[in-house]
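Below is one structure, written out as structure tokens, with a few remarks after it.
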Amino acid sequence: PQTIFLKDYTPSDYLISKIHLTFDLDDTNTQVISKMNVSANYDFKSLKRDLVLNGEELTLNKIFVDGVELGADQYELIEDGLVIKEVKEEFILEIHNTINPLANKALDGLYKSGSIFCTQNEPEGFRRITYFIDRPDIMAVYTTKVIADKAKYPVLLSNGNPIDSGDLEGGKHFVEWLDPFVKPSYLYALVAGDLGLVQDEFTTMSGRKIDLRIYVDKGNESKCDHAMESLKNSMRWDEEVYGREYDLDIYMIVAVDAFNMGAMENKGLNIFNSAYVLADPKTATDSNFFGVEGVIGHEYFHNWTGNRITCRDWFQLTLKEGLTVFRDQEFSSDMNSRVVNRIANIKTLKSRQFVEDAGPTAHPIKPSSYIEINNFYTMTIYEKGSEVIRMIHTLLGADGFRKGTDKYFELFDGQAVTTEDFIHAMSVANDNYDFTQFKNWYHQAGTPMLDIKTSYNEAAKEYSITVTQSCKPTPGQDEKKPYHMPFGLGLVSKDGADFPLKLKEVFTAQPQIEENILHLTQESETFTFTGIDHEPVPSFNRGFSAPVNLKSDRPLSDFVFLMANDNDEYNRYESAQALAIELMSCLVKDAANGVPLKLDAPFIKAYGELIKDESLDNSFKALILDIPSEGILHQAQDVVDFENTFKVRKFVKETLAKTYEQELSAIYDSLNVDKEYSLSPEAMGERELKNLVLGLLLSTGNSKYDDLAYEQFVKATNMTDEFAALTMIIHSDSKYADEVIEKFFIKWKHETLVMQKWLTAQASARGEKTLGRVKELLSNEVYDKSVPNLVRSLIGTFTANYTEFHNTSGVGYEFITNQIIDIDKLNPQMASRLAGSFKDYKRLPSDLKALVKTSLERILAEKDISRNVYEIVSKTHA
Ligand code: DPP
Ligand code: ZN
């Protein structure tokens, strides 16, 4: 497969300014007629006269130029496309082709999800609908006429506004839609189905009424309240925070079950994975509710950051994704607890993006090459991309950032642009702020490491910190230049107050410190603060102002102090984590060396203080009491030790739970009271803490907690409590396990989203019988390998079940390898995500490494393996 490079970008020779599409929908034989206005993009004399169009999985029927049908010598079908020979400077091109939506299991282009026709065109799906110059810098006005059987498909949708409709012969009908805004092909959408509708309206800041519509499978209408509320909140928030108003008269969201990603921001017609639309207390957990709000916001915010201003080419993906994730994270922070939301976002970043940055597919947020662009919808482009935008926000301040986005919309509305253009707007709106060095964040992969040394000069009352930054080599990048990063700092006095930060000397033209944010720019630099009358405890990288790893010469007792006293709440959490990671990493080594495990007494004590601290918010308490995950612990290991990491985590939980059994039990009882269900942050916090505490109590091994968990399972009136109990009962291998698996299945087998949870709970259970169970579930009536959510729940979950997937017998690897090869034949995007689970290859112990090597080679030896899987597996194997 061919590699595509950013440096090879050139604008298209030809443009398409207008396109009219007609679809006559049929399961296996959909007729598409596309009529396009094509014109030369440059001086026609200088151009090649062949027009090259992309096209995949299409059957070509006829071509007309300016109304005249082309003969066989006037065009040529090539691999993945069509060439129209000897074109004119300006002409109307009409193409007739057919497609087979039912056979489309890649879920890319036009396909069927159950009985619904729907599309997914980002990044390159449109070429599977018709021949087109399928790249985001070709922006056109789209009109669509959808024709279908009226009884089966009463609802026919596309982008924009309906302009015509009517009945046709043979029981068919049509609706015609016009989207007046120019857009790239990846934002094109079409839906047809017999759908239920939930409707509401929103009045914009200029007084326009917007018709809001959520389309779902009939019977699911009652599960749309939260999505609708979230949509209205998003619209209001974007007006208030960014001054951006919605532009069309109608905003539609359609929920489908078979979808590769979370959702898609098609202009005026978002198509969503049903997991991010449908939610009611009985079937969705609190975290599902958060997910709905966040993704509804995300897709809505794309209307300005992505749709009105789009990407010039796919190397710019973070231009829209990093910025839009930043916007949705801020929206969620404003709707809920800011610190809790921030901690959740950083947890995701550290447990998933940092791993990507350290693995075989590490890439900068702006990559310079790819084989398959679908492989670049990554944690790095999205989540690290958002952290990079957040740093710009920190550097410029909220007002400066807003001036920058205003400038961005002013300069680039209606255009397809680059990350450079975004930085340019930010800079000119802020006195030409110098982002030269900051741009290294866009081009360098890897997570920077800050190594910090501190010293206190009592006589001079001066405190110094020396920060040395480095970044390990990543594939294709051996040398890294220093980054410009904002570094939140607090010097905490013994009474818990922060010392005012006064720098002794300032060396650089740009300020080195603003509002307790240091500007780091050098490979190594020392900052000296004056007026510090006793040795402080430093609090580093407050608020996680830069997405980096840290190490310092500070004693562990500092973490204990900061857990209790830091004025930055995020760093209270972070200190607890850092301390636990440090101690648990030592225990993993002890376990490997056969040294009996013993947990540090000051840590046990500090943990107890947190349990007893009644001033803490419940959600925050649940987060801070949750000891680091195995995945986080693995990151600190040169050679990953799955068994001992699991053992240590179990030991630590058990030790803490046994020590504080009474206190924990009291917390559980105080929170486990009959109360009217509510989605308020307080109520969610209560459920979160209650379930965390129940998990700790179960780890004591005392069977009375098995009964307690069972009781919670039986009595639960909401999915948060029911699913938490189900999972804990299965994972603790309690005597109730088989019974709850059966009961839950019987109760919920008709709700696919709930069955996905059921699969997840089972595939994540430890113990060798899990793999057998997972294999059995492959043929369960609720499982369907053509539905990505189900694959993710069962197979994807198993790849994160470290001890079973990485079982030394190799059976876990063999199973996943077979699954990758099998699913690749249907859905390459799904298969390539599964292939990413071998990311730890280079850091595995040698016996496991040899097994993975065999697996990778087996996949590479497959005939007809997709580009998607090839790219991931070959980079992992390299
Ligand atoms: N552009 C989509 C999103 O991030 C991905 N399919 O929302
Ligand atoms: Zn997005």
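The values are calculated or read from the model by the stated rules, or taken from the named source; none is laboratory data. Just so you know, these numbers come straight off a predicted model, no measurement behind them. Note that each Cβ is placed from the backbone with ideal geometry, even for glycine, and that neighbours are counted across all protein chains shown.
The strands (runs of 3 or more DSSP E) found entirely in region 145-212 that carry 3 or more residues being not small (G, A, S) are 155-158, 161-167, 172-183, 195-203. Among all positions in region 78-94, there is no residue which is within 16 Å of ligand 2 (Cβ to nearest atom) and surrounded by 13 or more Cβ atoms within 10 Å (Cβ to Cβ). Do we find a residue being farther than 18 Å from P184 by Cβ and near ligand 2 (Cβ under 9 Å from one of its atoms) anywhere in region 297-308? Looking for residues that are farther than 18 Å from P184 by Cβ and near ligand 2 (Cβ under 9 Å from one of its atoms), one finds at least one in region 297-308, hence yes.
Taking (1) in contact with a Lys or Arg (Cβ under 9 Å, 6 or more places away or on another chain); (2) crowded, with 22+ Cβ neighbours inside 10 Å; (3) over 21 Å from L212 (Cα atoms); (4) not charged (D, E, K, R) in turn, T305 satisfies each apart from (3). Selection of region 259-293 for residues being in contact with a Cys (Cβ under 9 Å, 6 or more places away or on another chain), among the aliphatic types (A, V, I, L, M) and within 14 Å of ligand 1 (Cβ to nearest atom) yields I271, V277. Here S585 meets the list (1) buried (at least 22 other Cβ atoms within 10 Å of the Cβ); (2) within 18 Å of R649 (Cβ to Cβ); (3) of a type in the set (S, T, Y) almost entirely, failing just condition (1).
This table checks each residue for (1) surrounded by fewer than 19 Cβ atoms within 10 Å (Cβ to Cβ); (2) of a type in the set (S, T, N, Q).
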{"site": "T447", "(1), (2)": "no, yes"}
{"site": "S455", "(1), (2)": "yes, yes"}
{"site": "Y463", "(1), (2)": "no, no"}
{"site": "K472", "(1), (2)": "yes, no"}
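Within region 115-141, the set of residues being assigned to a loop (DSSP other than H, G, I, E, B) and within 16 Å of ligand 1 (Cβ to nearest atom) comprises N121, E122, P123, E124, G125, D134, R135, P136. Flag: K480 matches the condition of being over 25 Å from D566 (Cα atoms), among the charged types (D, E, K, R), surrounded by 19 or more Cβ atoms within 10 Å (Cβ to Cβ) and not assigned by TED's automatic domain parsing to the domain that holds H363. Does region 322-339 include one or more residues that are within 22 Å of L834 (Cβ to Cβ), among the hydroxyl-bearing types (S, T, Y) and buried (at least 20 other Cβ atoms within 10 Å of the Cβ)? Scanning region 322-339 turns up no residue that is within 22 Å of L834 (Cβ to Cβ), among the hydroxyl-bearing types (S, T, Y) and buried (at least 20 other Cβ atoms within 10 Å of the Cβ).
Candidates E654, E574, E661, E643: the one that is out of contact with any strand residue (DSSP E or B) (no Cβ under 6 Å at 6 or more places or on another chain) and closer than 30 Å to I517 by Cβ is E574. Among the residues of region 222-259, those that are buried (at least 22 other Cβ atoms within 10 Å of the Cβ) and of a type in the set (S, T, N, Q) comprise S230, S234. Only a single item in (1) over 34 Å from the mean Cα position of the chain (by Cα); (2) at negative phi is not met by L556, and it is number (1). Taken residue by residue, region 213-222 has no member that is outside the structural domain of V155 (by TED's automatic domain parsing), polar (S, T, N, Q), within 26 Å of F401 (Cα to Cα) and more than 15 Å from ligand 1 (Cβ to nearest atom). Within region 304-351, being farther than 21 Å from P547 by Cβ, assigned to a helix (DSSP H, G or I) and of a type in the set (A, V, I, L, M) holds for one residue alone: M335.
Regarding Y813, is this residue over 28 Å from L102 (Cβ atoms) and aromatic (F, W, Y)? Criteria met by Y813. Filtered by the rule that a residue be assigned to a loop (DSSP other than H, G, I, E, B) and within 14 Å of ligand 2 (Cβ to nearest atom), region 248-265 gives F259, N260, M261, G262, E265. The combined condition, being part of a loop (DSSP other than H, G, I, E, B), in the same structural domain as E479 (by TED's automatic domain parsing) and either closer than 21 Å to Q469 by Cβ or free of Cβ contacts under 8 Å to residues at least 24 places away in the same chain (or both), is fulfilled by L501. Would you say P364 is within 30 Å of T10 (Cα to Cα), assigned to a loop (DSSP other than H, G, I, E, B) and modelled with pLDDT of 95 or more? Yes, satisfied.
The numbered conditions (1) crowded, with 21+ Cβ neighbours inside 10 Å; (2) farther than 22 Å from L157 by Cβ are all true for P281 except (1). Only one entry in L6, L21 is under 30 Å from K172 (Cβ atoms) and under 33 Å from the mean Cα position of the chain (by Cα), namely L21. Please tell me if K112 is outside any strand (DSSP E or B) and touching a residue at least 24 places away in the same chain (Cβ under 8 Å). Taking the combined requirement at face value, the residue does not satisfy it. Give A362, A358, A344 a once-over and let me know the one that is away from ligand 1 (no atom under 15 Å from the Cβ) and touching a Leu at 6+ places or on another chain (Cβ under 8 Å). Testing whether each residue is away from ligand 1 (no atom under 15 Å from the Cβ) and touching a Leu at 6+ places or on another chain (Cβ under 8 Å) leaves just A344.
Restricting attention to region 266-291, the residues that are more than 15 Å from ligand 2 (Cβ to nearest atom) and either assigned to a strand (DSSP E or B) or among the aliphatic types (A, V, I, L, M) (or both) add up to 6.
Quick grid of which residues meet (1) assigned by TED's automatic domain parsing to the domain that holds I129; (2) of a type in the set (A, V, I, L, M, F, W, C); (3) within 42 Å of the chain's Cα centre (by Cα):
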site	(1), (2), (3)
N37	yes, no, yes
K48	yes, no, yes
V68	yes, yes, no
D73	yes, no, no
H96	yes, no, yes
D108	yes, no, yes
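Yes or no, residue by residue, for (1) assigned to a loop (DSSP other than H, G, I, E, B); (2) in the same structural domain as I365 (by TED's automatic domain parsing); (3) modelled with pLDDT under 95; (4) closer than 21 Å to P364 by Cβ:
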position	(1), (2), (3), (4)
G404	no, yes, no, no
N430	yes, yes, no, no
Y433	yes, yes, no, no
K453	no, no, no, no
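Report yes if G294 is more than 25 Å from D8 (Cβ to Cβ) and in a helix (DSSP H, G or I), otherwise no. Yes: the conditions hold for G294.
Looking only at residues in region 549-566 that are assigned to a loop (DSSP other than H, G, I, E, B) and touching a strand residue (DSSP E or B) at 6+ places or on another chain (Cβ under 6 Å), the one that is surrounded by the most Cβ atoms within 10 Å (Cβ to Cβ) is D566. Tell me, which residue of region 486-538 that is among the small types (G, A, S) and within 16 Å of M449 (Cα to Cα) is surrounded by the fewest Cβ atoms within 10 Å (Cβ to Cβ)? If we take residues in region 486-538 being among the small types (G, A, S) and within 16 Å of M449 (Cα to Cα), then S524 is surrounded by the fewest Cβ atoms within 10 Å (Cβ to Cβ).
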